Structure formats: structure tokens, C-alpha cells
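Below is one structure, written out as C-alpha cells; the observations come after it.
Here, each number is a calculation from the coordinates, and none is a lab measurement. Keep in mind the model is a prediction, meaning the values are calculated, not measured. Here the Cβ is made from the backbone with ideal geometry for all residues, glycine too, and neighbour counts use every protein chain on show.
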Amino acid sequence: MKLPIRLLVSGCMLVAAVNMLGSDIKIVANPGVRATTLSLTELRGVFLLQRRTLNGSSVEPVLQKSGAVHDVFLQEFLNRSSEEMHAYYQGLVFTGKGSMPEELDSYAAVIAYVARTKGAIGYVSGKAQTNGVKTLGVVPQRFDGSRSLLVRIEPEYPKELHQRGIEGMVRLTLTISPKGSVQSVRVVGGNPILAEAAVKAVEQWVYSPSSTTDILEVSIPFEVRP
Amino acid sequence: MPRWILALLWLWLAQVGTAQEFQVANRTVQVHGFFSQGFVYTDRNNWLTMNTSQGSGAMTDMGLNMSSQVTDKFRVGAQLYDRNLGQLGQWHPSLDWAVVDYRFNNWIGIRAGKVKTTLGLYNDSQDLDFLRVFALLPQGVYPTDLRDATIAHTGADIYGNIAIQNLGDLAYTLYTGHRSDSIYSGYPTLIRQWHVFLDEVHGPQYGIDLRWSSSRGLTVGASRMNQEITGKGTFGNFLNPAAGAIPFRSTTSAYWTNLFYGEYQFRRLRIDMEYRRDYFQIAYLPGLDVQTDTRAWYVAGTYKLHKQVSLGSYYSHYTLRNRIAPELRPLVGPLGEGDASLPQNHIYDKVIAGRVDLNRFCHLKIEGHFMNGYGWGAYPNGFYLQQNPNGFQPNTKALVVKTGFHF
């Protein structure tokens with residue numbers, strides 16, 4: 001496949017995945033979790049009970065029992081149906097190699113559990129209220145198989161929006177040069193003022209070098225911490 | 001155990017209908033269990049130590065476990081297991097696993113106690129019928145009568161996961177421990193046909209498993225296990241019964257297992273394949289060796305037609321090659337020697353299966369086996385002279401119906 005076509009295809013796949021995440025599903029975490037983003041591999045590792053820490057802090061997954069958001073999350077990010085995911089956990093439980101994660105009935109129950117449980121990470125509808133928890137952005141690290149994020153600058157929260165308690169998620173498409181610098185940034189979605197702050201930060205990010213120019217999409221959450 | 005007690009137990013579990021939890025010292029203890037009951041009918045040879053040619057329901061197993069995540073890194077748990085499969089198990093419950101598990105970080109943890117052995121895709125979960133479409137796993141690679149040989153070890157595992165960015169995850173397990181077979185398991189049952197009555201089968205084992213999983217449903221891996229197993233008991237002096245039994249003790253001089261495997265899942269389709277080779281050498285009488293070399297592979301596919309209905313099929317290919325000390329041949333016969341294409345030296349099994357999930361906790365399976373060969377040798381693989389005193393037929397068709405419940 002020629003390079004432009006490959007970039008287009010890979011970029012479209014990523015945009016599709018992250019758009020779904022950004023608009024319909026939020027990844028929520030206990031405020032004590034020492035991360036603002038996680039990669040798709042990390043997200044998968046947490047929910048398959050293979051990854052028990054994130055940036056040095058312990059994590060535990062929280063699932064919903066059923067529902068459309070639950071089904072989409074499992075299929076898109078873990079490549080499993082709800083029944084297969086349940087069977088996977090049972091395989092660990094009945095062989096003594098894991099415990100069944102918490103499964104809850106509603107978004108509100110997930111938010112409440114995540115808010116009070118150290119290290120808890122769950123997923124809820126993009127429209128759900130997320131008081132008392134933090135929203136994690138998903139960074140598709142090393143999307144082309146050779147990239148890793150070497151320098152990450154966190155965006156400055158615009159003072160006025162912070163004082164007014166305005167939160168949001170900004171989605172950006174980055175073009176990464178072969179040397180690893182961010183060549184261009186395009187805003188895909190989010191509050192324009194937050195997006196401006198996010199762009200300023202992301203333009204300073206540095207990725208590992210690669211032989212190709214790559215397109216990545218990242219989600220940057222802005223949250224007012226209590 | 002009387003059947004009516006089992007039926008009551010099953011009904012009670014069906015009423016419970018969900019996993020139970022309770023609190024001890026502010027820690028949640030989870031309780032989970034399973035129960036399964038099967039029926040097997042074969043048209044010719046008796047199979048799996050049951051009188052299946054007349055239809056047999058002597059196929060029951062169950063387990064009950066408790067576990068608790070004591071801290072974010074420390075977990076404890078244990079499971080009791082019991083089964084009755086023809087002459088195997090015979091309702092003698094056992095401690096299936098009992099572990100303390102400390103996970104230092106993502107890439108290293110230690111699990112100690114009686115630990116389920118990671119070997120291939122399904123060794124540690126082979127009893128967990130409710131996890132899969134098939135009522136019986138491919139018997140060439142996972143012979144249910146050899147369960148005790150590989151199911152668990154008393155010792156310790158070092159394990160971990162190494163994320164390779166978006167290239168997936170590499171999982172490893174290193175283990176060492178001690179195996180101890182029930183006298184109601186496959187080996188003691190098998191060698192009773194040669195008048196050896198074992199009271200103990202045990203010995204050290206150690207091994208490694210490495211598997212890589214992509215983020216898109218592909219898993220490939222390899223396992224290796226080494227063992228040194230000793231059997232102790234008596235040898236019935238059938239040439240001169242009045243002289244009484246002779247003490248018997250023998251230790252394998254070589255015993256290893258290799259497994260290579262792959263699994264791919266794409267939406268409703270799942271494909272598995274595994275290759276297993278077992279080799280062991282043992283002197284049944286001083287200086288008189290039997291070398292057994294079994295090779296097996298299978299390809300299996302399952303498809304979820306509907307949320308509650310799945311279909312599956314597999315082909316299992318098992319061959320046996322023995323080398324027997326010439327002095328032993330008059331006692332044991334042409335045991336697994338010669339051409340692997342002979343029915344006594346192989347089992348080729350074509351299987352079709354269907355599963356219906358009655359609800360989240362109960363299922364029903366029906367499965368047809370079309371077997372060629374009976375692979376009768378110094379290795380438990382389903383066909384025993386005790387249940388087939390008039391010898392074996394080359395082909396066997398089997399119908400397996402199984403239902404189960406878990407919570």
C-alpha cells in the first residue's frame with residue numbers, strides 16, 4: 001500500500017475509534033490515579049487484568065453489567081462481546097488467577113464507585129455527569145508500530161474557564177514528522193478556547209523518530225479538580 | 001454421592017443464581033461455583049472408563065471457590081473440586097487450587113501454594129466446561145483421563161505481562177512444584193490392566209509458558225514442562241498368586257511435554273489450534289523400559305450464531321509410538337509399537353457440537369464424535385481394556401450431551 005493511502009486508512013481507523021470514545025464514551029478514573037491519559041494498549045491491559053498499575057499507581061477496572069455503551073466499549077477496545085468478556089474473567093476466577101471485577105448497573109453507580117474507590121477506572125456514556133471523578137484521555141501511542149511519546153507538555157487550563165468550572169474534552173489530529181516533531185495540529189472537536197490551549201501544548205510534544213510521517217489523534221481532557 | 005442429592009444441589013445453585021459475596025475484616029470475599037452433568041453413548045467401544053456402549057451418565061463434576069483481593073497487590077483463594085467420570089475421580093474431592101498471589105507490578109508477580117499449571121490454551125481451565133462450546137476438549141491434546149498429570153502443582157509461579165506498546169502484550173509464566181495424582185486418575189487406572197496397583201504417583205515438575213497477544217484477537221504461544229514422576233504400589237504376581245504381591249516402585253528417566261498454540265478471534269468466529277508432544281521413559285520392571293512418544297494436534301472453530309446459540313467443530317489427530325523392551329512384550333503385547341496408521345496407534349476424532357445458553361448461568365450442549373482408532377498404549381487416552389475386555393473395534397461414534405450451571 002502506498003504511503004498516502006496507508007496514512008489515510010490508518011488515520012480514518014483511528015479517528016473512528018477515538019471519535020466514538022470522545023463523543024459516546026468517557027473513560028473515568030478515581031482522582032488518585034496518577035494519569036491524565038492512557039494508551040489503547042494500557043486501557044486493554046487494565047480491563048484484561050494484565051496491567052495492575054498505571055504511572056506507578058494501582059488500578060482496578062469497573063464494568064457495567066449491560067447496555068449499549070458497555071457492548072460498544074468491549075467490542076471496540078477489547079475485541080470481545082459481553083459474554084466473552086464475562087467468560088474471560090470467569091476463566092481467571094476459576095483457575096485462581098484473578099478476581100471478578102466489580103460490575104455495576106448504571107452510569108451513576110459506576111461514577112459513585114470510581115469516585116470512592118482508590119485506583120478504580122470505568123467507562124460511562126459521554127453524556128453522563130462525572131462529578132468526583134477524572135476523565136482520562138486515550139492516546140494511541142505508537143500507532144504506526146514505532147512511535148512513542150518522548151516529551152509531553154500538559155496544557156494550561158484557561159483561567160476564566162477554570163474559575164467558571166467549565167470542563168471538556170478536546171480532540172486533535174496531529175501530523176508527526178519522521179524526526180518526531182509535531183508538524184501540524186488540527187482541532188477535531190471540543191470547546192474552542194480549551195482547544196487553543198491544547199494545541200499550544202501539543203505543538204511542543206516530541207515523538208520518537210520513524211521512517212514515515214504519521215497521523216495520530218489524541219484526546220485531551222480538561223477537568224476542574226475539587 | 002446419591003443422584004438426588006446432586007439434583008437438589010443443582011436446583012439450589014440454580015436458585016442462588018448469582019455469585020455470592022461477603023465481608024471479612026472489611027475485605028470482600030467472592031464465592032463462585034460450577035456443576036456439570038453429562039451423558040455419553042457410544043456405538044461400539046466403551047470410552048473414558050464408562051460403560052458408554054449402554055449409555056452412561058457417570059460424568060459429573062463440580063467446584064466451589066472463595067477468593068479475596070486483600071490489598072491491591074495481594075490476593076488469596078482456594079477451590080475444592082470433585083468429579084466422577086466412570087472409574088476416574090469416584091467422588092473423592094480434592095483441593096483443586098489454593099494460592100496466595102502477590103503482584104509487585106505489571107511485569108512480575110508471584111503465586112504460591114497449589115497452583116493451576118499454565119500449559120497451552122486450556123490446561124488450567126480444562127474443567128471449566130461452561131467457558132466453551134465443546135463438551136469435551138480435543139482429547140489428543142487435553143485427555144481428560146490425564147487431568148491429574150498436568151492440572152496443578154504445589155509450588156510457585158513467577159508471572160507477568162510486558163506490554164509492547166501497540167504491538168500487544170507478552171505474558172510469561174515460570175513455575176516449579178510437585179505433582180501428586182489421585183489414585184483414581186488415569187495412570188493408576190491404565191496400568192492396573194498390567195496388574196500394577198499404584199498407591200502413589202508423584203514427583204517434581206517445572207516449566208515455562210510464553211504467549212503473545214495482539215490487540216486484535218490473535219494469541220500465539222508455547223509451553224514446556226519437565227517432570228520426574230515416581231509410582232509406588234504393588235505388582236500382582238499373576239503367574240503365582242499364592243506368592244503374594246510384589247512391591248513396585250518406578251521413576252521416569254525422562255518425561256517432558258511441549259505445546260505450541262495459536263488462537264484467533266474475529267467477532268463471532270474463533271479458531272484455535274494446538275500441537276502437543278509428550279515423551280516419557282520409564283522402567284516398569286528393573287532394566288526393562290517403555291518409551292512412549294505421543295503427538296497430537298487439533299484445529300477447532302466455533303461460531304456464535306446468536307447470543308444464546310453457538311456451533312463448533314474440531315478435528316483432533318493423535319498418534320502413539322512406543323518402544324518396549326523385548327522382555328516385556330510377552331506381558332504387555334504389541335503396545336503402541338509399529339505403524340501409526342494402525343488403529344491401535346492413533347485416534348482421529350471429527351467432532352461437531354452445539355451449545356445453547358439457557359440463561360446467563362445454565363447451558364446445554366450436544367456433541368457428536370466420529371473416531372477412527374483407539375490408541376491403546378502406555379498413555380491414558382480414553383480407551384481401556386478394563387471396560388473393553390473383548391478387545392477394541394477400530395471405529396467409534398459417540399454422542400455427548402452435557403448440561404451445567406455456574407455462578
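Under 5 Å between amide hydrogens, built in the peptide plane, is the criterion, and for A:Ala120 it picks out A:Asn30, A:Glu60 among residues at least 5 positions away or on other chains. Calculated FRET efficiency, B:Leu269 to B:Ala325, Cβ-Cβ distance, R0 = 45 Å: about 0.40 to the nearest 0.05. Of the two radii for the range B:163-202, the radius of gyration is 1.44 times the Kirkwood radius, both from the alpha carbons; that is the Rg over Rh value. Extension gain for the segment B:Tyr206 to B:Ile164, taken as residue separation times 0.36 nm less the Cα-Cα distance, is 12.4 nm to one decimal. Pair-distance distribution of the range B:114-173: all C-alpha pairs, bin width 10 Å, starting at 0; shares per bin in whole percent are 19, 41, 30, 10, 0. A quarter of the convex hull surface defined by the alpha-carbon atoms of the range B:310-366 gives 6.1 nm² as the mean projection.
Each Lys and Arg contributes +1 and each Asp and Glu -1, all at the Cβ; summed about the Cα centre of the protein assembly as shown, the dipole is approximately 880 debye. Angle of helix B:3-16 to the longest C-alpha principal axis of chain B, folded into 0 to 90 degrees and rounded to 10: 20°.
Note: the range B:215-319, Cα convex hull, 164 Å³ per residue.
Over the range A:180-226, the ratio between the Cα radius of gyration and 2.2 N^0.38 Å evaluates to 1.31. Under a 5 Å amide H cut-off, with hydrogens placed 1.01 Å from N, B:Ala254 pairs with B:Gln281 among residues at least 5 apart or on other chains. Residues whose amide H falls under 5 Å from that of A:Val188, counting only those 5 or more places apart or on a different chain, are A:Arg171, A:Leu172, A:Thr173, with hydrogens built in the peptide plane. Between B:Arg355, B:Arg83, B:Arg270, the GNM of chain B built on Cα springs shorter than 10 angstrom shows B:Arg270 fluctuating the most.
Extension gain for A:Gln129-A:Ser211 works out to 25.2 nm (0.36 nm per residue, less the C-alpha to C-alpha distance).
Let me make sure I get this right: for the range B:34-114, a, b and c are the square roots of the gyration tensor eigenvalues over alpha carbons, sorted descending. Under 1.5 in a/c it's rounded, otherwise prolate if a/b > b/c, else oblate. Which is it?
prolate
Let me know the shape class of the range A:92-220, please: from the alpha-carbon gyration tensor, a ≥ b ≥ c as square roots of the eigenvalues, rounded when a/c is under 1.5, otherwise prolate if a/b is greater than b/c, or oblate. In terms of gyration-tensor shape, oblate. Using the Cβ-Cβ distance between B:His195 and A:Lys65 with R0 = 56 Å, the FRET efficiency computed as 1/(1 + (r/R0)^6) comes to roughly 0.45. Extents of the range B:72-210, largest first, come to 56, 30, 23 Å (Cα atoms, principal axes, whole angstrom). Exposure proxy ranking for B:His92, B:His363, A:His86, based on other Cβ atoms within 10 angstrom of each Cβ and starting from the fewest, stands as B:His92, A:His86, B:His363. If I build a Gaussian network model for chain B, linking alpha-carbon pairs within less than 10 angstrom, which residue out of B:Ser215, B:Ser68, B:Ser223 has the largest mean-square fluctuation? Fluctuation is largest for B:Ser215.
Rounded, prolate or oblate: which fits the range A:52-121, taking a ≥ b ≥ c as square roots of the Cα gyration tensor eigenvalues, rounded meaning a/c under 1.5, else prolate when a/b beats b/c? Oblate shape, in that a/c is at least 1.5 and b/c is the bigger or equal ratio. Here, chain B is characterised by an Rg to Rh ratio of 0.96, where Rg is the alpha-carbon radius of gyration and Rh the Kirkwood radius.
With a Förster radius of 60 Å applied to the C-beta separation of B:Ala283 and B:Leu399, the computed FRET efficiency comes to 0.90. Its Cα gyration tensor gives the protein assembly as shown an equivalent ellipsoid, and the semi-axes of that ellipsoid, as √(5λ) in whole Å with the largest first, are 53, 25, 22. Take chain B, connect every pair of alpha-carbon atoms lying under 10 Å apart with a spring to form a Gaussian network, then pick out the residue of B:Leu146, B:Leu85, B:Leu285 with the largest mean-square fluctuation. The residue with the greatest mean-square fluctuation here is B:Leu285. Along the range A:109-115 the Karplus relation, 6.51 cos²θ - 1.76 cosθ + 1.60 evaluated at θ = phi - 60°, assigns HN-Hα couplings of 5, 5, 4, 5, 5, 5, 5 Hz to successive residues, with x for each Gly and Pro. 3J(HN,Hα) along the range B:357-367: 8, 6, 7, 5, 10, 10, 9, 9, 10, 9, 8 Hz, from the Karplus curve 6.51 cos²θ - 1.76 cosθ + 1.60 with θ = phi - 60°, whole Hz, x for Gly and Pro. Quick one: angle between helix A:3-24 and the longest Cα principal axis of chain A, in degrees between 0 and 90, rounded to 10, please. Rounded to the nearest ten degrees, it is 50. When only alpha carbons of chain A are considered, Rg and Dmax amount to 17.7, 53 Å. Which one, B:Thr173, B:Phe383, B:Gln205, projects farthest toward the positive side of the charge dipole computed for chain B from Cβ point charges (K/R +1, D/E -1)? Of the options given, the answer is B:Thr173.
By other beta-carbon atoms within 10 Å, ranking B:Val115, B:Val196, B:Val76 with the fewest at the front produces B:Val76, B:Val196, B:Val115.
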